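Okay, structure first, notes after.
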Amino acid sequence: MAHDVRLAFRTLVKQPVFAGALIATLALGITAATVMFSVLYAAVLRPLPFADPDRLVMLLGVFGPDKQVRGASFPEATDWRTMNRTLAGLSLYDETSLNLLVGNEAVRVEAEMVSPSYFQLLGVEAALGRTFGPSDDRVPDESPVVVISDALWRGRFGGRRDIVGATMTLNDRPMTVVGVMPEGFAGLSFDTDLWFPSMMVSLTSSRSVVETRGNRWLVVIGKLKDGVTLQQAQEDFSRVAAVLERDHPDFHRQRGVTVSSLREGLLGSTGSLLAALFGAVLLFLAIACANAAALQLARTTARRRELAVRAALGAHRYHLARQLLVETVTLGLIAGLLGALCAAWSVEALGRVLPDGALPLYATPAVDGAALAFALGAALVGSLLITVLPAFASMRSDLADGLKDGARSAASSLGRIRRPTPQHALVVAEIALAVTLLAAAGLMLRSLDRQLKIRVGFDADGVTVARVTLPGQRYTPEARGHFVDRLLERLRADPSVASAAIATDLPMRGNNSASTIRPDPANPDATIRYYRHGVTPQFFETLEIPLLRGRRFSDADRPGTPLVAIVSETAARRIWRDGEALGRTFGLSADGPLVEVVGIVADARFRDLTTDLAGSGTDPDVFFPIAQRSDRDLELALRSRDGRPIAAQRIQAMVSRVDGGLPVYQVQPLTEAVRQQTATLRFGSAALTIFSSSALVVAAVGLYGLIAYIVGRSRREIAVRLALGADASRVARMVVANAMILVAAGLLTGLAGAIVAARALRAQLFEVGAADPVTLASVVGVLAVASLAASALPAWRAARTAPHLALKAE
């Protein structure tokens with residue numbers, strides 16, 4: 001074997017162009033595959049950093065036949081815990097944030113509201129002190145305790161050993177620190193600073209939600225009992241949901257529970273996209289291997305005389321095939337090392353350009369041991385695939401034919417392109433795979449283009465948004481109204497602000513709140529779910545949402561005045577079939593006050609870009625004066641005079657002049673909030689575009705190499721044709737026509753593969769079908785043009801062959 005390796009190096013050094021071409025081709029495929037593997041491994045394959053991660057599950061409350069996610073209420077989660085038969089433990093989980101007062105500075109910290117069993121389920125104990133016990137989560141507001149992360153302990157409290165038992169102020173409430181978690185543990189949110197018991201829910205919401213079945217927003221996590229499958233757990237919780245619907249029909253009608261693995265719950269649809277992208281990059285790697293195999297096959301054919309001489313001197317065919325394998329594996333390992341190095345650089349660059357929100361927080365791609373092992377495995381497997389056809393050809397070659405001096409019997413002829421050979425099959429496969437990748441990329445780009453062209457219903461350019469939370473201890477509903485008035489006055493007085501508004505939530509920010517109304521006060525049982533938005537009178541003007549009929553809110557819409565509302569155009573039709581909403585009234589509860597509709601505004605997208613706002617199952621938007629329906633969570637919208645974003649420090653200064661104890665957080669341009677809606681799709685589109693473009697180039701190079709090789713081996717045939725009077729243009733057309741036969745075969749095969757690939761991407765597509773004619777036609781056109789260009793140069797050279805020189809060489 002050592003002799004074979006030395007011989008392989010000597011042989012390859014003598015042919016640096018061939019060796020360089022094969023290494024570069026294979027390294028390109030390995031680089032792309034390793035980069036995508038590192039992403040897939042980080043997000044999907046690497047075990048989550050918890051005990052028994054494969055047994056952890058996420059439970060979500062759902063509604064209706066299409067299973068719209070609704071979350072769980074406190075009583076519902078309690079029922080799930082006591083009535084199920086398949087989980088070993090269960091915990092509430094809610095990701096939130098709190099105001100932390102450190103000295104005279106107020107900062108915003110990430111928090112999780114959890115049950116005491118949360119830490120046990122994840123298999124983690126406190127590094128200092130303790131976690132929560134059952135007594136910390138029995139009675140609302142009676143156990144103001146908190147557990148903090150190692151990062152918060154060291155970053156804000158200097159790693160003080162006496163931190164356990166100390167008091168910190170959270171949302172104006174004194175809380176006792178009972179424990180510090182180990183270094184690196186950041187909860188299910190993967191960026192958590194502290195945890196508080198679920199019975200301290202009054203830190204962020206009303207204490208009454210503990211007893212309210214209809215207030216659903218919580219996530220529940222659990223751990224499967226030994227031997228229980230995910231399917232068995234789903235069947236068990238479907239039984240629980242049916243019992244709750246029977247016992248509490250007013251609150252649980254058409255309510256269900258979905259049970260998914262924790263990873264699936266954290267990933268959402270991103271998991272299927274990453275799997276599809278990894279499949280795409282494997283196709284690209286296959287194209288690179290096919291191209292390298294074509295190079296190796298051409299080289300083996302050119303070496304037939306050398307191999308025949310070796311066989312005549314006593315070399316066994318097995319040894320000849322082994323020599324080819326050693327040469328290819330040597331090249332493959334070099335390509336694998338080069339691919340791994342390029343992948344390490346590419347992954348680092350990817351981290352800088354990856355759109356926010358494209359991957360979950362726990363996924364940090366890196367070329368680690370697993371990625372290096374993958375690169376090595378890809379190099380070895382690719383080397384074996386590259387060697388199969390050449391080795392098979394060398395073992396089947398005829399000894400006498402190989403020893404003939406001159407290539408007449410062994411040479412490829414121009415006409416043989418119509419009869420399939422291994423090289424032809426490789427090129428057809430390359431083209432087919434390139435079609436599949438191009439079609440997938442085209443569908444993703446078309447889907448992205450459709451989403452980007454969606455009218456969001458508001459003007460986000462030049463608008464900066466931010467969020468503040470008012471502690472419930474200091475801010476009663478009346479105090480909230482005074483704060484909004486003072487802050488709005490301060491915001492509008494700033495010279496950089498053209499207009500400003502305050503709302504309970506803003507579009508595309510994920511802070512939505514839903515409830516139900518009763519359109520017909522005479523029929524209190526008929527309810528419609530809707531999304532509620534509390535806004536100041538300047539809201540529609542600042543976001544440039546058009547008023548269609550009626551009036552906007554005014555400063556006269558205050559507490560003590562008649563309750564009013566503005567509805568979206570779709571809401572008017574959804575709530576009242578005739579769409580005549582102006583002057584109509586609806587009830588906020590069975591015996592609550594009536595609200596009059598005073599205006600209708602154009603539809604604006606608040607939650608996402610893809611929901612059909614006019615769909616029968618879509619919940620409409622209803623706006624209220626924030627003075628009449630205040631909230632502790634407030635969002636600020638500031639439209640700048642010069643169109644540029646307003647700095648977070650400037651916004652903080654404005655808020656601090658009203659209340660120095662309120663930190664501003666989630667500051668960003670509103671355009672960025674809209675852009676994040678397409679983060680995953682943009683990542684997938686960019687990746688597929690890179691893979692497919694590279695595949696197109698590699699396939700075109702492969703086609704060019706094959707046609708050039710055949711033309712080179714057919715010089716005598718071409719010379720004879722030209723000497724007998726054949727027209728040069730006719731020879732060129734013959735070469736191009738033969739090439740296009742291969743292209744046509746590849747296109748037909750690839751179109752079938754493209755439809756299959758599109759089905760794998762179905763969850764990511766928007767208003768684009770798997771067999772989208774525009775996309776498929778574009779792919780066929782691009783590949784046809786590239787193939788014509790790839791075959792034109794060899795055809796031109798064939799037409800310019802000098803007959804007398806070619807025949808003289810023979």
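The values are calculated or read from the model by the stated rules, or taken from the named source; none is laboratory data. Keep in mind that this is a model prediction, so the values were computed, not measured. Cβ sites come from the backbone with ideal geometry, for glycine too, and all protein chains shown count toward neighbours. With ligands, DNA and RNA removed, areas are computed over all heavy atoms of the protein, side chains included. Shrake-Rupley method; radii C 1.70, N 1.55, O 1.52, S 1.80 Å.
If I go through the stretch 41-55 residue by residue, how many of them are among the aliphatic types (A, V, I, L, M) and either under 11 Å from residue 370 (Cβ atoms) or more than 17 Å from the chain's Cα centre (by Cα) (or both)?
Within the stretch 41-55, residues that are among the aliphatic types (A, V, I, L, M) and either under 11 Å from residue 370 (Cβ atoms) or more than 17 Å from the chain's Cα centre (by Cα) (or both) number 4.
Taking interchain pairs and intrachain pairs at least six residues apart, which have beta carbon atoms under 8 angstrom, with the first residue in the stretch 225-254 and over 16 Å from residue 79 (Cα atoms) and the second open to solvent by 80 Å² or more (accessible area, probe 1.4 Å)?
254/65
What single numbered condition from (1) under 26 Å from residue 481 (Cα atoms); (2) of a type in the set (A, V, I, L, M); (3) within 39 Å of the chain's Cα centre (by Cα) fails to hold for residue 528?
(1)
So, in the stretch 410-452, of the ones that are within 17 Å of residue 276 (Cα to Cα) and either of a type in the set (Val, Ile, Thr) or at pLDDT below 80 (or both), which residue ends up surrounded by the most Cβ atoms within 10 Å (Cβ to Cβ)?
Restricting to residues being within 17 Å of residue 276 (Cα to Cα) and either of a type in the set (Val, Ile, Thr) or at pLDDT below 80 (or both), the top hit is 435.
Kindly list the number of the only condition in (1) more than 36 Å from the chain's Cα centre (by Cα); (2) over 24 Å from residue 586 (Cα atoms); (3) open to solvent by less than 70 Å² (accessible area, probe 1.4 Å) that fails for residue 459.
Failing condition for residue 459: (1).
Please go through the stretch 567-585 and give me each residue that is open to solvent by 20 Å² or more (accessible area, probe 1.4 Å) and within 35 Å of the chain's Cα centre (by Cα), ordered by number.
The answer is 569, 573, 574.
For the stretch 239-260, how many residues meet the condition of being within 17 Å of residue 67 (Cα to Cα), assigned to a helix (DSSP H, G or I), open to solvent by 50 Å² or more (accessible area, probe 1.4 Å) and not aliphatic (A, V, I, L, M)?
Summing the residues that are within 17 Å of residue 67 (Cα to Cα), assigned to a helix (DSSP H, G or I), open to solvent by 50 Å² or more (accessible area, probe 1.4 Å) and not aliphatic (A, V, I, L, M) in the stretch 239-260 gives 3.
I'd like the full set of residues that are outside any loop (DSSP other than H, G, I, E, B) and crowded, with 21+ Cβ neighbours inside 10 Å, limited to the stretch 658-673.
Answer for the stretch 658-673, where residues must be outside any loop (DSSP other than H, G, I, E, B) and crowded, with 21+ Cβ neighbours inside 10 Å: just 670.
Going by the structure shown, is residue 157 open to solvent by less than 60 Å² (accessible area, probe 1.4 Å) and among the aromatic types (Phe, Trp, Tyr)?
Yes.
Can you tell me which condition residue 772 does not meet? The list is (1) within 26 Å of the chain's Cα centre (by Cα); (2) surrounded by fewer than 16 Cβ atoms within 10 Å (Cβ to Cβ); (3) of a type outside the set (Ser, Thr, Tyr), and all the others hold.
The failed condition is (2).
Can you go through 163, 221 and tell me which one is out of contact with any Pro (no Cβ under 8 Å at 6 or more places or on another chain), more than 18 Å from residue 71 (Cα to Cα) and surrounded by 16 or more Cβ atoms within 10 Å (Cβ to Cβ)?
Unique residue meeting the criteria: 163.
When the stretch 340-366 is examined, which residues are found to be in contact (Cβ under 8 Å) with a residue 12 or more places away in the chain and more than 26 Å from residue 764 (Cβ to Cβ)?
340, 342, 344, listed by residue number.
Okay, residues lined up against (1) of a type in the set (A, V, I, L, M); (2) assigned to a loop (DSSP other than H, G, I, E, B):
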residue	(1), (2)
491	yes, no
499	no, no
505	no, yes
510	no, yes
515	no, no
537	no, yes
540	no, no
545	yes, yes
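Conditions tested, residue by residue: (1) farther than 25 Å from residue 186 by Cβ; (2) open to solvent by 10 Å² or more (accessible area, probe 1.4 Å); (3) modelled with pLDDT under 90; (4) not in a helix (DSSP H, G or I).
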{"position": "11", "(1), (2), (3), (4)": "yes, yes, yes, no"}
{"position": "23", "(1), (2), (3), (4)": "yes, yes, yes, no"}
{"position": "31", "(1), (2), (3), (4)": "yes, yes, no, no"}
{"position": "42", "(1), (2), (3), (4)": "no, no, no, no"}
{"position": "54", "(1), (2), (3), (4)": "no, yes, no, no"}
{"position": "57", "(1), (2), (3), (4)": "no, no, no, yes"}
{"position": "65", "(1), (2), (3), (4)": "yes, yes, yes, yes"}
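Would you say residue 481 is surrounded by 15 or more Cβ atoms within 10 Å (Cβ to Cβ), assigned to a helix (DSSP H, G or I), at pLDDT below 95 and not hydroxyl-bearing (Ser, Thr, Tyr)?
yes
Out of curiosity, is residue 187 open to solvent by less than 50 Å² (accessible area, probe 1.4 Å), in contact with a Lys or Arg (Cβ under 6 Å, 6 or more places away or on another chain) and closer than 19 Å to residue 149 by Cα?
It is false that residue 187 is open to solvent by less than 50 Å² (accessible area, probe 1.4 Å), in contact with a Lys or Arg (Cβ under 6 Å, 6 or more places away or on another chain) and closer than 19 Å to residue 149 by Cα.
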